[in-house]
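Participant: I have a structure I would like to understand better, so I am pasting it below and will then ask my questions one at a time.
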Number of protein chains: 2
Amino acid sequence: MTQTTAHEREQLDHDRAPLVMIQPAPYNAEAPDSALDVDITPTDQHYVRSNFALPEHDGAVVVDGAVDRELRLDIDEIRALPAVDRAVTLECAGNGRLRQTPLPTGEPWGFNAVSTARWTGARLADVLAQAAPADDAVEVWFHGADHGPYQQFEELSFVRALPISVALDPAADVLLAYDMNGEPLNLDHGAPLRLIVPHWYGVASVKWLTRVHVSTTRLQHEFQTGHYMYEWADRPHEPVTLMRVRARITDPEPAAVIPRGTVTVRGKAWTGTGPVTAVDVAFTGEGEWHPAQLDPPQDASQWQNWSVRWEATAPGRHTIRARATDAAGNVQPDVPPWNRIGYGNNAVEVMYVDVV
Amino acid sequence: MTQTTAHEREQLDHDRAPLVMIQPAPYNAEAPDSALDVDITPTDQHYVRSNFALPEHDGAVVVDGAVDRELRLDIDEIRALPAVDRAVTLECAGNGRLRQTPLPTGEPWGFNAVSTARWTGARLADVLAQAAPADDAVEVWFHGADHGPYQQFEELSFVRALPISVALDPAADVLLAYDMNGEPLNLDHGAPLRLIVPHWYGVASVKWLTRVHVSTTRLQHEFQTGHYMYEWADRPHEPVTLMRVRARITDPEPAAVIPRGTVTVRGKAWTGTGPVTAVDVAFTGEGEWHPAQLDPPQDASQWQNWSVRWEATAPGRHTIRARATDAAGNVQPDVPPWNRIGYGNNAVEVMYVDVV
C-alpha cells in the first residue's frame, strides 16, 4: 500500500470531496447527480472504483510474454508516442445494482457509477506493434499495481485480459492513458498510467498499469473468470464485456415537485454497441412511448444527450420512463434477467414527478 | 357530484394540505413520510383513495335484498347502536405499485398508501341481525354513493361484496363507521358513513355507504371481478382480499447520511393474516438476517412497531432490508410474482444509508 504523504492525503481528500462515498477502503464512490448534467465529467466528480488500497507504482510499464521484443517504457517514453485524445464514457458493471431484486452481493452502487472524461494516451496497438506479438497470441493481460487481501484470498493482484483482436485493433483506440481532462492522472484514477478501453465496462480499464503481457492462453483469474461474470440462474455464465445500452433521466430530478406547464425532460444515453439510435420516453404509467430528440455522439465512445418536451398540464403524480435502443438493436429491458453479483442491470428506469 | 359549498371547499383544502397528492380528480393522495412515525395517523395525514368525484349522500343506509326485514337507518339510528372502537390499518392494494417492474397500469402509488385511524361505528353483524338474512345468502354487497364515468364505462357506481361469513361474524368487527379519530368522518373519508373491514385491503372499506344488499348470488362488477383482481401471467386470476404481510422502515430515512455509531432502525409492520410474528433486518447487501424487537399489536387490526439496534461503525454505503413474517406463515418475498394492475406488491423493501 502506498505510504501517502501528508500532501498526497490532502490532495486525495480534496479530489474526493464532491463524490458520494460508497466505501472508504478500498475507496469507492459515485458521481454526484450534478455530474450527469454536463458532457465531460470534472475529474473530482468522476466515479471511482477500486478493489484494493492505493498502490505504489514506479512509473514504468513492461510489455512481455509472447512478443519478439520485450519493452520497458517509462512514462516519458509513453508520452513521446503519438497521442490520442478521446472522450470516453466509463460505467461500472455494478451500476444500478441497488435496483436489482433480490439484492445481489457486491458494492451497493446506485445509478451514478458512470462518468465521461477526456483521456489522453498512447494507442495500445502502437505499443504492441513495437513489441511484435506472436501469431498465436490470443489475449493480452493487463496487470495493475494494486494488490492485497480480497474476500477468500489472502493476497491477490489485479489482472484483466482483452482478446488479442481488440488489443491490436488501432480503431478500437485502447489507450495507455496518462492524462485525464488535460491533467496527469490522479491517484484514484490510476496514476501514472492506466488502460482505457472504450465501450467496455470500466473493469477493463486497468488502473496503475505495470505490465502488458501477451499470452497464448486465456487468463484464469479472480477478476476475469471469478468476479465480473454474469452468473445466470438458467444458462452458462458469461463474462462482463461491453456496456449494455442505458438511458438515464437527469432532469427533472426524481420525486421533483414541478409546476404545471411545458417541461423539457433530458438525459444521457450510452451503450457499448453504439451509437445509441433512439431514446423513447413514456409518461404516466400506461402511456405510449414518444421518441426523444437524440443528439449524435460527439465522440463515438461518449454518452449522448437526449431531450423531449412534455406538456405537464395535469396536476398529480406522473411516472416518466426512458428507454434507449442502440445500433446493434439492443433495447433496454423492463427487467433484465437476474445474475448473482448484479452486473449490467440496465433495466428501464422508472421515476416520478409530482405536478402541482 | 357534490356541489361543494365555499365552506366545504375550504375544509377540503385544509384537510388535504399535509398529503402528497397523486391525482386531483378523483382525489388520491399518499400519507407524508412523517405519518408513519406515529401509531394513529392524524386524519389529515391519512391516505385517500377515490375512484369518483365526491358524491352526495342523504345520510341514510338501506339494508335490503335477501332479508326478512328491510331496514332504512339514518345516521342517528346507527349512532344509537352499540358502538365499537377499533384502530385499523388500511392499505391500498396498489401500495408499492411504483416499485413493481415492468411498471403496471394504475395510480402511481409509492409506499405511503397506508395509514391507521381509530374508527368508531356499529357492527355490521348487529345491523344484519336486525334484518335477518336468508339462509341461502352468499354475499353482502356494499354500495357507495360515488359514481361517474370510469375508463371504458360511461357511468359506473362503486359496489363491493364481502362473503356472508365475514359479514355475519361479530368477531370480524366489520363496522358501519361514522367517526374517525373521534370526529365525524370528513368528505374524503366517506362522510357520513363508510364500511371499515379490518385486515382487508382498503378497497373493501366502501366509503359513502348507502346500501347493504344481502345477495344469494355472487357480485359480477367492475370493482369486484374487473379491477382489484390479481391478473397473474401463468395462473387463474384471484380477487384482492386480505392485506399481504409487509414491513416498512421508517427510520432512518432512505439515502440518509448518518454519523457513525449506534443507530436504532425502526419501522412498522402489518398483515391481514396476523399478527406479525417476526421482523428480520439485514444490513449491507449479503448480510445475515437479524431478528428485530417486535411489539405486540395494540389492536389486532393495527400495525406493529419494530426496532433493532445497529452498530454502524463502518463508514460507507450500507443497505438495510426488513422482512416481516406473520402468524399464517406468510413471509415477504424478494420479488412477488408480477400482476398486470400491480396489486399487493409486498416485496422486501431495500433502502440504503451513507454512514460518514
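Participant: Can you work out which of the residues in the stretch A:22-39 that are surrounded by fewer than 18 Cβ atoms within 10 Å (Cβ to Cβ) and hydrophobic (A, V, I, L, M, F, W, C) is farthest from the other protein chains (Cβ to nearest Cβ)?
Facilitator: A:38
Participant: In the stretch A:35-42, is there at least one residue being under 22 Å from residue A:172 (Cβ atoms) and among the hydrophobic types (A, V, I, L, M, F, W, C)?
Facilitator: For the stretch A:35-42, residues under 22 Å from residue A:172 (Cβ atoms) and among the hydrophobic types (A, V, I, L, M, F, W, C): present.
Participant: Turning to a different aspect of this structure: Assigned by TED's automatic domain parsing to the domain that holds residue B:70 and either assigned to a strand (DSSP E or B) or without any contact (Cβ under 8 Å) to a residue 24 or more places away in the chain (or both), is that true of residue B:206?
Facilitator: Numbers: assigned by TED's automatic domain parsing to the domain that holds residue B:70: yes; either assigned to a strand (DSSP E or B) or without any contact (Cβ under 8 Å) to a residue 24 or more places away in the chain (or both): no.
When the stated conditions are applied, residue B:206 does not pass them.
Participant: Exactly one of (1) farther than 14 Å from residue B:197 by Cα; (2) basic (Lys, Arg); (3) modelled with pLDDT of 95 or more is unmet by residue B:123. Its number?
Facilitator: It is condition (1) that residue B:123 fails.
Participant: For the stretch B:278-295: of the residues being outside any strand (DSSP E or B) and either at pLDDT 95 or above or hydrophobic (A, V, I, L, M, F, W, C) (or both), which is surrounded by the fewest Cβ atoms within 10 Å (Cβ to Cβ)? Break it down into steps so the answer makes sense when it comes.
Facilitator: Keep residues of the stretch B:278-295 that are outside any strand (DSSP E or B), which gives B:284-288, B:292, B:295.
Restricting the remaining residues to those that are either at pLDDT 95 or above or hydrophobic (A, V, I, L, M, F, W, C) (or both) gives B:292, B:295.
Numbers: B:292: 23, B:295: 16.
My answer is B:295.
Participant: Same structure, new question: Taking the stretch A:251-294 as the search range and keeping residues that are among the hydroxyl-bearing types (Ser, Thr, Tyr) and more than 24 Å from residue A:115 (Cβ to Cβ), which one is farthest from the other protein chains (Cβ to nearest Cβ)? Give the steps one after another, and end with the answer.
Facilitator: Residues of the stretch A:251-294 that are among the hydroxyl-bearing types (Ser, Thr, Tyr), as a first pass: A:262, A:264, A:271, A:273, A:277, A:284.
Remaining after also requiring more than 24 Å from residue A:115 (Cβ to Cβ): A:262, A:284.
Numbers: A:262: 19, A:284: 8 Å.
If we take residues in the stretch A:251-294 being among the hydroxyl-bearing types (Ser, Thr, Tyr) and more than 24 Å from residue A:115 (Cβ to Cβ), then A:262 is farthest from the other protein chains (Cβ to nearest Cβ).
Participant: So which residues in the stretch A:208-234 are closer than 27 Å to residue A:127 by Cβ and more than 20 Å from the chain's Cα centre (by Cα), if there are any at all?
Facilitator: A:210, A:211, A:212, A:213, A:214, A:215, A:216, A:217, A:218, A:219, A:220, A:221
Participant: Taking residue A:15 as meeting all but one of (1) part of a loop (DSSP other than H, G, I, E, B); (2) of a type outside the set (Lys, Arg); (3) under 15 Å from residue A:185 (Cα atoms), write down the number of the exception.
Facilitator: (1)
Participant: Among A:171, A:113, A:137, which is more than 14 Å from chain B (Cβ to nearest Cβ) and at pLDDT 95 or above? Steps first, answer last, please.
Facilitator: Working: A:171 fails: at pLDDT 95 or above; A:113 fails: more than 14 Å from chain B (Cβ to nearest Cβ).
Exactly one residue qualifies, and that residue is A:137.
Participant: Search the stretch B:76-91 for residues being aliphatic (A, V, I, L, M) and surrounded by 24 or more Cβ atoms within 10 Å (Cβ to Cβ), and hand back the single one that is farthest from residue B:30 (Cα to Cα).
Facilitator: Top of the filtered list is B:88.
Participant: Hey, another quick one. Grab the strands (runs of 3 or more DSSP E) fully contained in the stretch B:51-137, keeping just those with 3 or more residues being assigned by TED's automatic domain parsing to the domain that holds residue B:153 and in contact with a Phe, Trp or Tyr (Cβ under 8 Å, 6 or more places away or on another chain).
Facilitator: Values: elements: B:60-65, B:71-74, B:83-91, B:114-123.
Once the strands (runs of 3 or more DSSP E) in the stretch B:51-137 are filtered for at least 3 residues that are assigned by TED's automatic domain parsing to the domain that holds residue B:153 and in contact with a Phe, Trp or Tyr (Cβ under 8 Å, 6 or more places away or on another chain), what remains is B:83-91, B:114-123.
Participant: Can you pull out every residue in the stretch B:305-349 that is at the interface with chain A (Cβ under 10 Å from one of its Cβ atoms), farther than 14 Å from residue B:252 by Cβ and part of a strand (DSSP E or B)?
Facilitator: Correct list: B:316 only.
Participant: Exactly one of (1) crowded, with 22+ Cβ neighbours inside 10 Å; (2) assigned by TED's automatic domain parsing to the domain that holds residue A:45 is unmet by residue A:221. Its number?
Facilitator: (1)
Participant: Here is a further query. Taking into account only those residues within the stretch B:257-303 that are closer than 30 Å to residue B:241 by Cα and charged (D, E, K, R), which is farthest from the chain's Cα centre (by Cα)? Break it down stepwise before answering.
Facilitator: Of all residues in the stretch B:257-303, those closer than 30 Å to residue B:241 by Cα come to B:266-282, B:289, B:291-303.
Narrowing further to those that are charged (D, E, K, R): B:266, B:268, B:280, B:295, B:299.
Details: B:266: 21, B:268: 14, B:280: 23, B:295: 21, B:299: 15 Å.
If we take residues in the stretch B:257-303 being closer than 30 Å to residue B:241 by Cα and charged (D, E, K, R), then B:280 is farthest from the chain's Cα centre (by Cα).
Participant: So, residue B:298, is that one assigned to a loop (DSSP other than H, G, I, E, B), modelled with pLDDT of 95 or more and away from every other protein chain (no Cβ under 14 Å) or not? Talk me through it step by step, then tell me what you get.
Facilitator: Values: assigned to a loop (DSSP other than H, G, I, E, B): yes; modelled with pLDDT of 95 or more: no; away from every other protein chain (no Cβ under 14 Å): yes.
Taking the combined requirement at face value, the residue does not satisfy it.
Participant: Please count how many residues of the stretch A:233-277 are closer than 19 Å to residue A:38 by Cβ and in a strand (DSSP E or B).
Facilitator: 14
Participant: I would also like to ask the following. Failed condition for residue A:24, given (1) within 29 Å of residue B:350 (Cα to Cα); (2) under 18 Å from the mean Cα position of the chain (by Cα), with all others met?
Facilitator: (2)
Participant: From A:144, A:94, grab the single residue that is more than 14 Å from chain B (Cβ to nearest Cβ), crowded, with 23+ Cβ neighbours inside 10 Å and of a type outside the set (A, V, I, L, M). Walk me through how you get there before you give the answer.
Facilitator: On the way: A:94 fails: more than 14 Å from chain B (Cβ to nearest Cβ).
Among A:144, A:94, only A:144 is more than 14 Å from chain B (Cβ to nearest Cβ), crowded, with 23+ Cβ neighbours inside 10 Å and of a type outside the set (A, V, I, L, M).
Participant: Quick one: which residue in A:91, A:77 is within 21 Å of residue A:190 (Cα to Cα), out of contact with any strand residue (DSSP E or B) (no Cβ under 7 Å at 6 or more places or on another chain) and at pLDDT 95 or above? Don't jump to the end; show me each part of the working.
Facilitator: On the way: A:91 fails: out of contact with any strand residue (DSSP E or B) (no Cβ under 7 Å at 6 or more places or on another chain).
It is A:77.
Participant: From (1) closer than 30 Å to residue B:303 by Cα; (2) touching a His at 6+ places or on another chain (Cβ under 9 Å); (3) among the charged types (D, E, K, R), pick out the condition that doesn't hold for residue B:86.
Facilitator: The failed condition is (2).
Participant: Would you mind stating whether residue A:218 is under 23 Å from residue A:143 (Cα atoms), touching a residue at least 24 places away in the same chain (Cβ under 8 Å), among the basic types (Lys, Arg) and not in a helix (DSSP H, G or I)? I'd like the intermediate steps shown before the answer.
Facilitator: Working: under 23 Å from residue A:143 (Cα atoms): yes; touching a residue at least 24 places away in the same chain (Cβ under 8 Å): yes; among the basic types (Lys, Arg): yes; not in a helix (DSSP H, G or I): yes.
So residue A:218 passes the test.
The values are calculated or read from the model by the stated rules, or taken from the named source; none is laboratory data. Source: prediction; values computed, not measured. Please note: Cβ atoms are built from the backbone with ideal geometry, for glycine as well, and neighbour counts cover all protein chains shown.
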